[in-house]
Amino acid sequence: MRPIYLHNTLTRRKELFEPLHAPAVGMYVCGPTVYGDPHLGHVRPAVTFDLLFRLLRHEGYKVRYVRNITDVGHLENDADAGEDKIAKKARLEQLEPMEVAQYYTNRYHEFMDRLGVLRPSIEPLASGHVIEQIAMTQAILEAGYAYVSNGSVYFDVRKYVADGYDYGVLSGRNLDEMQSGGRSEDFEGEKRFAADFALWKRAAPEHIMRWPSPWSEGFPGWHMECSAMGAKYLGDRFDIHGGGMDLMFPHHECEIAQSTAALGGAAARYWVHNNMVTIGGQKMGKSLGNFITLEQFFTGDHPLLSQAYSPMVIRFFILQAHYRSTLDFSDGALIAAEKGLERLLKAWNLLVSGRIEPGTVSTMPSPAGLLAECEEALCDDLNSPVAIAKLFDWVHHINALHDGTLSATAADLRTLRETFDTVLGALLGLSLTEGEVSTGDDYDRLGGVIDMVLEVRQQAKAAKDWATSDLIRDRLAALGIRVKDRKDGADWELNR
């Protein structure tokens, strides 16, 4: 196995990844709250941890990947106030809350599948694990780090800190910042301290989603679901916890406190966070109303978009930037990503289609080390931009092979094709389908038809039937197929 290095938010440095029980790896990633269609901000963590999932499996690890669905408990305000987001959507649309959750869960799966995001090993629902969340809340109460107030249960942050624990270890915040940032109505109401957070909330009379508990009829706190489900499926201590940087506080900070109080330590050894997608320098999100849904990207139906973009262009746009850097959306950046992806896919297509004839000697550089270079980049904290750049370095060589200005042996062509298959396909998760460029059997069938048409055109040219020759060329061009005449015949390529 090649060494993998990950930036650990908990220690604020890049570290060698050493699983607790190699070759098994446990990874938990915070999934969506299902009350609306996914937008570009949801794509980044999905693609980032899909890349990590793919890399770990490629390197020989047996990965249990758990990504939850939040279908209860996520209130409008992260400080335990406001209406449940799903219940509010249900009220506005006059639906059952679970009807809303199921609809948007299905939509999330549909869009992630189109983006090439692999399904996790386990995808637990918060509503299906209320018993586990009640049990963990009870354990925290028994440990002395929580209190009951008016039927709700809150984590006692000051007691936790007084006993020597660091609430703020992940985010770097201190209690003064947390207190000054608290909501006064919460502090003056049920909470003893502004930074205390809910483990269990008593349901108001109008609240639809409720379960019985030792303290009240109510529902679990948003942070509790991930602690309880992570422990259930990965154990008290597991390898990787991932999510967006916006979840670092309060969500992940609270998870660490809960797990420490109930289980004796922070659940995960490595905390990995992707940075935000911004639009005009501001975080893209539903709460700010500045988001673009994936459906709008795929149809082009948004005032900030000049055209529709395919799922693979969106995925490539995400992978072009390092996951820990801010990614600023613009229509121009997507157009550039589309052109870049097109160059890579056309080169890949030339390799997989068999349209490059092998030579007896290679006049191009040896591709033997390309795969290792790409793997090394990805193992260095998922540096997908460097891996992509390595492939781009070879695009002009592949074009030169096609033009006949370079030659390669069958063995070198096979190595180059297998490298592109592995890096672009298996690791980066990019596909030649979704209408961009055909591949495999589809490409062979299309190529056979076009080659046959070009043979007819060549016969017309030989007979000096220029009208037929030009008609075939123009009709193919109208279909997005560009004919390139050469001394010994003609070649073609697909255009967008």
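The values are calculated or read from the model by the stated rules, or taken from the named source; none is laboratory data. No experiment lies behind these values; they were computed from the predicted model shown. Cβ coordinates were reconstructed from backbone atoms using ideal geometry, including for glycine residues, and neighbour counts include every protein chain displayed. Quick note on the areas: whole protein, heavy atoms, side chains included, nothing else; ligands and nucleic acids left out. Shrake-Rupley method; radii C 1.70, N 1.55, O 1.52, S 1.80 Å.
Values as computed for the structure displayed
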quantity: Among the candidates E357, E373, residue that is in a loop (DSSP other than H, G, I, E, B) and without any contact (Cβ under 8 Å) to a residue 24 or more places away in the chain; calculated: E357
quantity: Answer from A377, A408, A368 - the residue that is touching a Ser or Thr at 6+ places or on another chain (Cβ under 7 Å) and open to solvent by less than 20 Å² (accessible area, probe 1.4 Å); calculated: A408
quantity: Long-range neighbours under 6 Å by Cβ, at least six apart or interchain, first residue free of Cβ contacts under 8 Å to residues at least 24 places away in the same chain within segment 250-268, second outside any helix (DSSP H, G or I); calculated: none
quantity: Filter pass, E190 being in contact with a His (Cβ under 9 Å, 6 or more places away or on another chain) and charged (D, E, K, R); calculated: no
quantity: Matching strands (runs of 3 or more DSSP E) fully within segment 69-183 where at least 3 residues are modelled with pLDDT of 95 or more and either charged (D, E, K, R) or open to solvent by less than 70 Å² (accessible area, probe 1.4 Å) (or both); calculated: 146-149, 152-155
quantity: Selection within segment 311-336 - assigned to a helix (DSSP H, G or I) and under 20 Å from V117 (Cβ atoms); calculated: P311, M312, V313, I314, R315, F316, F317, I318, L319, L334
quantity: Matching residues, segment 31-47, being under 9 Å from the mean Cα position of the chain (by Cα) and open to solvent by less than 10 Å² (accessible area, probe 1.4 Å); calculated: V43, R44, A46, V47
quantity: Odd one out for G354, checked against (1) open to solvent by 60 Å² or more (accessible area, probe 1.4 Å); (2) among the small types (G, A, S); (3) within 30 Å of G480 (Cβ to Cβ); calculated: (1)
quantity: Count of residues meeting criterion [at pLDDT 85 or above and either in contact with a Pro (Cβ under 8 Å, 6 or more places away or on another chain) or of a type in the set (D, E) (or both)] in segment 475-496; calculated: 0
quantity: Only listed residue being crowded, with 16+ Cβ neighbours inside 10 Å and either at pLDDT 95 or above or not in a helix (DSSP H, G or I) (or both), chosen from K464, K390; calculated: K390
quantity: Within segment 239-274, tally of residues that are under 20 Å from G172 (Cβ atoms), open to solvent by 20 Å² or more (accessible area, probe 1.4 Å) and part of a helix (DSSP H, G or I); calculated: 6
quantity: Qualifying position, being at pLDDT below 95 and closer than 20 Å to H252 by Cβ, among T11, T33; calculated: T33
quantity: Cβ pairs under 6 Å, 6+ apart, first in segment 126-148 and more than 22 Å from A195 (Cβ to Cβ), second assigned to a strand (DSSP E or B); calculated: A126/T70; V130/W211
quantity: Selection count, segment 21-44, where residues are charged (D, E, K, R) and without any contact (Cβ under 8 Å) to a residue 40 or more places away in the chain; calculated: 0
quantity: Failed criterion for A203 (all others in (1) open to solvent by 20 Å² or more (accessible area, probe 1.4 Å); (2) over 32 Å from the mean Cα position of the chain (by Cα) hold); calculated: (1)
quantity: Conditions (1) over 20 Å from the mean Cα position of the chain (by Cα); (2) farther than 30 Å from L413 by Cβ; (3) in a loop (DSSP other than H, G, I, E, B); (4) not basic (K, R): number failed by N290; calculated: (1)
quantity: Residue in segment 275-283 that is open to solvent by less than 10 Å² (accessible area, probe 1.4 Å), assigned to a helix (DSSP H, G or I), of a type outside the set (D, E, K, R) and touching a strand residue (DSSP E or B) at 6+ places or on another chain (Cβ under 6 Å) present; calculated: no
quantity: Yes/no for R64 being surrounded by fewer than 21 Cβ atoms within 10 Å (Cβ to Cβ), more than 16 Å from the chain's Cα centre (by Cα), farther than 19 Å from N383 by Cβ and not acidic (D, E); calculated: yes
quantity: Any hit, segment 18-37, residues being under 19 Å from I240 (Cβ atoms), acidic (D, E) and part of a loop (DSSP other than H, G, I, E, B); calculated: yes
